[in-house]
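Inspection log for the structure reproduced underneath, given as structure tokens.
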There are 2 protein chains.
Amino acid sequence: MTIEQIIPKLVVEGAEAAIRYYGEAFGAALRDRHEADGRVVFAELEVPGGAVFQLKDADQLDRDPRRLGGRGLLLTVMDNDPDRLAERMAAAGGEIVIEVADRPYGVRQGRVRDPFGHEWIIGTPIE
Amino acid sequence: MTIEQIIPKLVVEGAEAAIRYYGEAFGAALRDRHEADGRVVFAELEVPGGAVFQLKDADQLDRDPRRLGGRGLLLTVMDNDPDRLAERMAAAGGEIVIEVADRPYGVRQGRVRDPFGHEWIIGTPIE
């Protein structure tokens, strides 16, 4: 038993729009995509730094955060310029939930909700 | 702007029990832990293969999947022995949602719901 990777898989309503959004916000490139009955059942995206995440259209098994009224799982993004990343995420259609600012625990950090209801904690270590 | 990492952060009700569960199920070791007002606001765990994830106790900002009635975000775990991993996750208190079996898309895969409501897709590529 060897766990090699743990990859987040976002449930979204509107996978095509989500792929565009994450392309604009993160510069994420689509690496793989499978469709069934007109819905995206699996898509894999890679950001320029090499991190990978996946997404799928909501279905009977999995509802998206907007439908649920929450998400139960956040994503922390380590980025060397969280101010710039928050701007890009907002410009592409996201909403800043918590402003990017220096935190007492040694991180410059904020939180952005993307148009699909997912929330991203973005930060970089500070001195 | 360089995204270095995307780290899943699970919202749970009962962070201490969750840390124990993920220790049993994945062999995850606690790397960092911060508390405020008796709640875990941040804990970081590392699995033997090196993958990292975080968790926090549910609070007013973030509800856990059991409270929400869903999760909106799944985690895909690549493991060389998903049958064994599913057994361990179930033995430690999880529930098998989808049996581990060979799938037409070239993966031996199943899905397990942990005691905190998070769902883990576990799989390994097959020929």
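Any read-out appearing in this document is the output of simple, stated calculations on the displayed coordinates, not a laboratory observation. Predicted model, so just to flag it, every value in this text is computed and none were measured. Cβ placement follows ideal geometry from the backbone for every residue including glycine, while neighbour counts extend to all protein chains displayed.
Using only the Cα atoms of segment A:13-82, build the gyration tensor, take square roots of its eigenvalues as a ≥ b ≥ c, and label the shape rounded, prolate or oblate: rounded if a/c is under 1.5, else prolate if a/b is larger than b/c, else oblate.
It is oblate, given that a/c is not under 1.5 and a/b is not larger than b/c.
Taking the protein assembly as shown, how much of its Cα-Cα pair set, in percent, is spaced more than 33 angstrom apart? Can you show the working numbers first?
Working: 4250 of 32131 pairs.
When all Cα pairs of the protein assembly as shown are counted, 13 percent exceed 33 Å.
Can you compute 3J(HN,Hα) from phi for each residue in segment A:37-53, using the Karplus curve 6.51 cos²θ - 1.76 cosθ + 1.60 with θ = phi - 60°, rounded to whole Hz and x for Gly and Pro?
After applying 6.51 cos²θ - 1.76 cosθ + 1.60, I find 6, x, 10, 7, 9, 6, 9, 10, 10, 10, 8, x, x, x, 5, 10, 9 Hz.
For segment B:57-65, just list the computed ³J(HN,Hα) in residue order, Karplus coefficients 6.51, -1.76 and 1.60, θ = phi - 60°, integers in Hz, with x standing in for Gly and Pro.
Calculated HN-Hα couplings, in order: 5, 4, 8, 5, 7, 10, 9, 8, x Hz.
Mind pulling the angle between the C-alpha long axis of helix A:82-91 and the longest principal axis of chain A? Nearest 10 degrees, somewhere in 0 to 90.
The answer is roughly 40 degrees.
Provide the net charge surrounding B:Ile6, with neighbours chosen by a C-beta distance below 11 Å and charges set as Lys +1, Arg +1, Asp -1, Glu -1.
-2
Suppose R0 equals 25 Å; then what is the FRET efficiency for A:Ala29 and A:Asp81 from their Cβ-Cβ distance, rounded to the nearest 0.05?
So the FRET efficiency works out to roughly 0.80.
Any lysines with Cα under 24 Å of the A:Lys56 Cα? List them, leaving off those in the same chain fewer than 8 positions away.
A:Lys9, B:Lys9
Give me, ordered by chain and number, the residues 5 or more places off B:Glu13 or on other chains with an amide H under 5 Å from its own placed amide H.
Here the answer is B:Ala58, since their amide H atoms fall under 5 Å of that of B:Glu13.
For a label point 7 angstrom out from the Cα of B:Val41 toward its Cβ, which stretches of segment A:89-119 have the backbone nitrogen within less than 20 Å?
Taking a point 7 Å out along Cα→Cβ of B:Val41, the residues of segment A:89-119 whose backbone N falls under 20 Å are A:97-113, A:119.
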